[in-house]
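In what follows, a single structure is set out as structure tokens and then discussed.
The values are calculated or read from the model by the stated rules, or taken from the named source; none is laboratory data. Values in this document were obtained by computation on a predicted structure and should not be read as measured data. Every residue, glycine among them, receives a Cβ derived from its backbone with ideal geometry; neighbour counts consider all protein chains shown.
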Amino acid sequence: MSLLYIYDDIFKQHETDDHPETKFRLDWINAGIEHCSFRDKLVIKKPIKAKREDLLRVHPESHIKRIEEASIREIKALDADTVICKNSFEVALYAAGAGILASDEIMKGNFKRAFIAARPPGHHAETNKPMGFCLFNNVAITAKYLQAKHQIKKILILDWDVHHGNGTEEIFYEDHSVYYISLHQYPHYPGTGASNENGRDTGKGYNRNFPMKIHSGDKEYLEVFNNEIVPIVQNFGPDFILISAGFDAHARDFLSGINLSSEVYGEFTKIIMESTPSFKGRIISYLEGGYEPQGLTEGVLYHMRALCN
């Protein structure tokens with residue numbers, strides 16, 4: 001099966017100097033893809049730019065203007081972790097737009113699944129707060145677009161980045177149409193993601209966090225996937241699955257204390273793909289974290305290989 005791979009060198013124009021979230025992350029991934037066994041199954045497309053209306057489904061105008069004006073003024077950072085440059089606003093529009101293109105391609109029936117190698121990442125960006133390397137919440141913008149333009153009723157977002165996706169949780173915390181699941185090292189940045197954060201009002205019960213102890217590995221993660229996450233997916237019955245695919249829980253990564261192997265990312269993917277027929281195999285996976293060359297590249301390749309099946 002062909003896998004839609006969305007990438008463009010424009011994502012490297014978000015310059016961060018010696019920051020861990022560097023443009024070279026994409027070079028490592030693409031070098032690995034050139035020599036992978038499933039290269040002939042990939043269809044590469046360039047992203048489109050998200051429109052203002054796409055961003056406004058998630059972020060208020062004040063948030064958008066803050067990032068736009070900071071880029072124009074060439075402010076170097078929005079906070080201690082979130083570095084930007086003069087091109088960052090424009091690049092972030094393409095990062096958000098990549099999910100919109102993937103949504104349209106999948107809903108047209110051209111593909112079932114897509115992997116997006118974009119930056120800046122998104123899952124820490126809250127409704128009105130860029131943070132944690134993230135400017136716009138790419139996966140949330142994609143979810144809202146699927147609902148608004150393609151009438152998708154139930155979306156499940158699975159986040160296996162080593163850091164809790166506080167932004168995605170905050171955006172959908174009162175929304176029963178989007179089920180958010182996160183596995184993450186705890187306690188760890190950004191300090192959120194406790195097991196008792198389960199949603200509020202109509203979203204109560206549609207947010208599940210699985211805080212993982214430091215030094216957890218494949219065994220502990222797979223137990224959560226098989227015993228906890230699969231039943232959630234089956235009971236919720238999503239029409240579409242979005243993945244915040246971070247690879248910084250890899251044993252080699254220096255920003256975490258979790259010890260995952262490269263191969264287990266393929267296992268995560270297979271488990272989710274086989275969890276329920278309701279979503280018709282429709283998956284969009286967005287690159288989030290992953291900062292060590294070998295761990296990131298191998299983890300992405302195992303993940304993409306599984307998506308090709």
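Of the residues making up the range 142-161, those that are crowded, with 24+ Cβ neighbours inside 10 Å, closer than 22 Å to Asn209 by Cβ and touching a helix residue (DSSP H, G or I) at 6+ places or on another chain (Cβ under 7 Å) number 7. Against the definition (at pLDDT 95 or above, within 18 Å of Ile6 (Cα to Cα) and either assigned to a helix (DSSP H, G or I) or touching a Phe, Trp or Tyr at 6+ places or on another chain (Cβ under 9 Å) (or both)), how does Ser285 come out, yes or no? Yes: the conditions hold for Ser285.
Within the range 106-113, the presence of a residue that is within 15 Å of Leu242 (Cβ to Cβ), in contact with an Asp or Glu (Cβ under 8 Å, 6 or more places away or on another chain) and not in a loop (DSSP other than H, G, I, E, B) is excluded. The condition of being at negative phi, without any contact (Cβ under 8 Å) to a residue 40 or more places away in the chain and either in contact with a strand residue (DSSP E or B) (Cβ under 9 Å, 6 or more places away or on another chain) or surrounded by fewer than 16 Cβ atoms within 10 Å (Cβ to Cβ) (or both) holds for only one of Asn235, Asn226, that being Asn235. Which one is surrounded by the fewest Cβ atoms within 10 Å (Cβ to Cβ), of the residues in the range 25-62 that are without any contact (Cβ under 8 Å) to a residue 24 or more places away in the chain and part of a helix (DSSP H, G or I)? Once the filter is applied, the top-ranked residue is Glu34.
Here's the yes/no breakdown for (1) over 17 Å from Pro121 (Cβ atoms); (2) outside any loop (DSSP other than H, G, I, E, B):
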| position | (1), (2) |
| --- | --- |
| Asp253 | no, no |
| Pro277 | yes, no |
| Gly290 | no, no |
| Leu296 | no, yes |
| Leu301 | yes, yes |
